[in-house]
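One structure follows; several queries about it will come next.
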Amino acid sequence: MQGLEFSVVFENMNILLQGMFWTVVLCSSASLLSIVVAVVLAMTGISKLKPVRSATLFFLWVFRGTPLLLQLFLFYFGLPQVGLYLSPIITGIIGLTLHFGVYNADVLRAGILGVETGQHEASRSLGLSYFQTMRKVIIPQALRNVSPAVGNNLIALLKESSLVSIITVPELTLSAQRAISETFRPFEFYFAAGALYYVVNWGLEFILQRVEARTALTR
Amino acid sequence: MDYELILRVTPFFAKAAWTTVVVSFLSFALGLSIAFPAAFCRLSQNRFLQIPSRVYVSVFRGTPCLIQLFVIYFGGPQIGIQLEPFMAGVLGLGINIGSYMTESIRGAILAVSRGQTEASRSLGLSKFQAMRKVVLPQAAGLMISPLGVNTIALIKGSSLVSAISVLELAYTAHRFTNSTYRPFEMFILASTFYLVIITLTSKAIRNLNGRFAYEK
Amino acid sequence: MISLKDIWKSFGDNQVLKGISLEVERGKILVIIGPSGSGKSTLLRSINHLETIDRGEIWVDGVQVNAPLKGRKFEKHINRVRQEMGMVFQHFNLFPHMTVMENITMAPMLLKKIPREKADARARGLLEKVDLADKMNCYPVQLSGGQKQRVAIARALAMEPKVMLFDEVTSALDPELIGEVNKVMKRLAAEHMTMLIVTHEMRFAAEVADHVIFMADGVIIEEGPPEEIFSNPTHERTRRFLFEVFKS
């Protein structure tokens, strides 16, 4: 049994921190974009046009029922074939955005349907159109109501972001692998990477708690 | 769309799908066997039982599953654990999903109203008897849904073991995409298998849930 | 001002409105009374098209509300028409994620493109009119029922409507809060706003109405000036209803 030497970790900390930086960048971008995607898909999912609604629900069903890794492969190998030569990071962001956009869309759709009809009626009776009503009255309330669930999805996103290392995105997990290829100490570095994820996770949970407290609609 | 290719490689995917099912099932079983004791420890008043359980849940829910798998498979040898990909995969997935299942079970037990415990204790049942005869049977019905969610997540999470060379669906999709340069066909093939597995599992879970529906 | 011609509506098998016709002149106040299920709320809500009707015509200030337009054209038409009418609901329906001020200024700023300063100034004026000037920056959750309803009235007035529709606006209020809302409505009446009020409050109706309609089972049983209807109703049904109401 080899001895464990965590000092290597501290010597190579900058590699890990660099990776952590990209993880944070990746996750922040994907989080924000996934909410945009979620709003769009939530709206098309309740569209009065049956083909639009059905197509959306089918799309949601497929992307909910397949692993993120598979979807990442699709984008990583598939996009170049349709002429889109994107860097691994952008591909990773796209993959994460779509995957979590789908999860958040389901949550948001439930939230939208949960806003009482009186809100629609009051807004429409003032003369606002359907889309103006959605934009100004319904969606803001829906987002606040489902923010805990969205928050959970953001935490999941942080952890699942480790998968993009498999499509060569230089985030924390891949950085750990880089360090390992030079020092041959997988246990120490993966352990350290795990610890860093844990810390970031804890920070994210803390931030989310504060955000939820601020935006919750106490009725 | 190369249909001929799809037909040609389907047998490989079917075999890989079976591996996915086996891996998922074994991890599920492992996770559940860890989760029940862990849930009880978590609910116990005893500090020495509660704290390790809380740490377990916090650590394994708070770090990526991929990292956990890598620690076990690549890092294991350093601490004397040398496992084959398949075993390492099942172990890693099982321990990981176990932490989520612990919370599902704990949640269900807590959800059984306190009134039930009070009523049974006031009839003279011991804590243990109350748990066994009154709380757990009701909690059982409540935990099926959350455990079901965990299980579906597990099936999708099983794709991670492709990263430690277990020959399941995701690995096969990756391998054939690399050799045929037809990512869309491979995605469609692999996702079909995943969707079938997951849909069947969801149905089974719903069925099971139905059997437990008490009056509210 | 408001003209309803032969309105029919059913919910499935249930015929809720059976050939209702009525007129409201500019500056006048019409009050509709009747038992639950008589169709009075449905009738009111069909005026600004929150309910669709099966047959009949609804005219407000020379414009047909239920115009035979389709799709986008109808959407644009109805949005414009609704801007000329104000509605106040039984359950207030204030926007919980906006302050009182924002509730009032949102529609004028968005739909009439009124600049913020002007919208804010108008809102402040309206809040003074409903005796709530100090609650400008509060959120609806911080207000009592009566206060919420007065904000709702201000919100509807902010669009400078030609007609105000009131759908049982005090039915959900604690008794001691009803007076403050009635006071505001009386003020509006004195300013000659055209108002259509559905209510259970007979005393208030008697004080404020120019014309009263008694509805039951989807038809107008009786109508006339308040003195006639309340003191000397002709129909047995009307008498029975008023008896039950004044008993409590």
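Take the residues in segment A:45-57 that are open to solvent by 40 Å² or more (accessible area, probe 1.4 Å) and among the aliphatic types (A, V, I, L, M), then tell me which one is farthest from the chain's Cα centre (by Cα).
First pass over segment A:45-57, keeping only residues open to solvent by 40 Å² or more (accessible area, probe 1.4 Å): A:48-55, A:57.
Now restrict to residues that are among the aliphatic types (A, V, I, L, M): A:49, A:52, A:55, A:57.
Numbers: A:Leu49: 28, A:Val52: 24, A:Ala55: 22, A:Leu57: 19 Å.
Filtering first and then ranking leaves A:Leu49.
Continuing with the same structure: Where residues in segment A:182-196 are within 11 Å of chain B (Cβ to nearest Cβ) and not aromatic (Phe, Trp, Tyr), which of them is most open to solvent (accessible area, probe 1.4 Å)?
A:Ala195
Would you please list the contacts, defined by Cβ atoms under 9 Å and residues six or more apart or on different chains, that run from a residue in segment B:187-207 that is facing another protein chain (nearest Cβ under 10 Å) and modelled with pLDDT of 95 or more to a residue that is open to solvent by 70 Å² or more (accessible area, probe 1.4 Å) and part of a helix (DSSP H, G or I)?
Partner pairs satisfying both residue conditions: B:Leu195/A:Trp61; B:Ile198/A:Arg64.
How many residues are in a helix (DSSP H, G or I) and more than 19 Å from the chain's Cα centre (by Cα) if we restrict to segment A:82-94? Can you show your working first?
First pass over segment A:82-94, keeping only residues in a helix (DSSP H, G or I): A:88-94.
Next cut, more than 19 Å from the chain's Cα centre (by Cα) only: none.
Final tally of qualifying residues: 0.
Additional query: Could you please let me know if C:Leu50 is at pLDDT 90 or above, part of a loop (DSSP other than H, G, I, E, B), among the aliphatic types (A, V, I, L, M) and over 29 Å from C:Glu236 (Cβ atoms)? Spell out the reasoning first.
On the way: at pLDDT 90 or above: yes; part of a loop (DSSP other than H, G, I, E, B): yes; among the aliphatic types (A, V, I, L, M): yes; over 29 Å from C:Glu236 (Cβ atoms): yes.
Answer is yes for this residue.
Are there any helices (runs of 4 or more DSSP H) wholly within segment C:59-129 with 2 or more residues that are out of contact with any Lys or Arg (no Cβ under 6 Å at 6 or more places or on another chain), of a type in the set (Val, Ile, Thr) and surrounded by fewer than 16 Cβ atoms within 10 Å (Cβ to Cβ), and if so which?
Correct list: empty, since no element meets the threshold.
Out of A:Leu60, A:Leu79, A:Leu69, report the one residue that is in a helix (DSSP H, G or I), open to solvent by less than 10 Å² (accessible area, probe 1.4 Å), in contact with a Ser or Thr (Cβ under 7 Å, 6 or more places away or on another chain) and within 14 Å of chain B (Cβ to nearest Cβ). First the steps, then the outcome.
Values: A:Leu60 fails: in contact with a Ser or Thr (Cβ under 7 Å, 6 or more places away or on another chain); A:Leu79 fails: open to solvent by less than 10 Å² (accessible area, probe 1.4 Å).
Checking each option against the conditions leaves just A:Leu69.
What helices (runs of 4 or more DSSP H), lying completely within segment B:1-105, carry at least 1 residues that are closer than 23 Å to A:Leu174 by Cα?
B:47-62, B:65-73
Would you confirm, using the coordinates I've provided, whether A:Ala105 is small (Gly, Ala, Ser) and either buried (at least 23 other Cβ atoms within 10 Å of the Cβ) or touching a residue at least 40 places away in the same chain (Cβ under 8 Å) (or both)?
yes
Could you check segment C:217-248 and list, in sequence order, the residues that are within 19 Å of the chain's Cα centre (by Cα) and in a strand (DSSP E or B)?
Answer for segment C:217-248, where residues must be within 19 Å of the chain's Cα centre (by Cα) and in a strand (DSSP E or B): C:Ile220, C:Glu223.
Now for a different question. State whether one or more residues within segment B:89-98 are farther than 17 Å from B:Pro37 by Cα and free of Cβ contacts under 8 Å to residues at least 24 places away in the same chain.
No: segment B:89-98 contains no residue that is farther than 17 Å from B:Pro37 by Cα and free of Cβ contacts under 8 Å to residues at least 24 places away in the same chain.
Now, a different point. Every residue in segment A:1-44 that is among the small types (Gly, Ala, Ser), within 14 Å of chain B (Cβ to nearest Cβ) and open to solvent by less than 40 Å² (accessible area, probe 1.4 Å), please.
A:Gly19, the sole residue that qualifies.
Within segment A:146-181, which residues are of a type in the set (S, T, N, Q), more than 12 Å from A:Asn104 (Cα to Cα) and more than 10 Å from every other protein chain (Cβ to nearest Cβ)?
Those that are of a type in the set (S, T, N, Q), more than 12 Å from A:Asn104 (Cα to Cα) and more than 10 Å from every other protein chain (Cβ to nearest Cβ): A:Thr168, A:Ser175, A:Ser181.
Considering only segment B:127-176, how many residues are among the charged types (D, E, K, R) and crowded, with 24+ Cβ neighbours inside 10 Å?
Residues meeting the conditions: 1.
The values are calculated or read from the model by the stated rules, or taken from the named source; none is laboratory data. Here the structure is a predicted model, which means the values were calculated and not measured. Quick reminder, even Gly has a Cβ in these numbers, built from the backbone with ideal geometry, and neighbours come from all protein chains shown. To get the accessible areas, we keep the full protein, side chains included, count just its heavy atoms, and leave off ligands, DNA and RNA. Shrake-Rupley method; radii C 1.70, N 1.55, O 1.52, S 1.80 Å.
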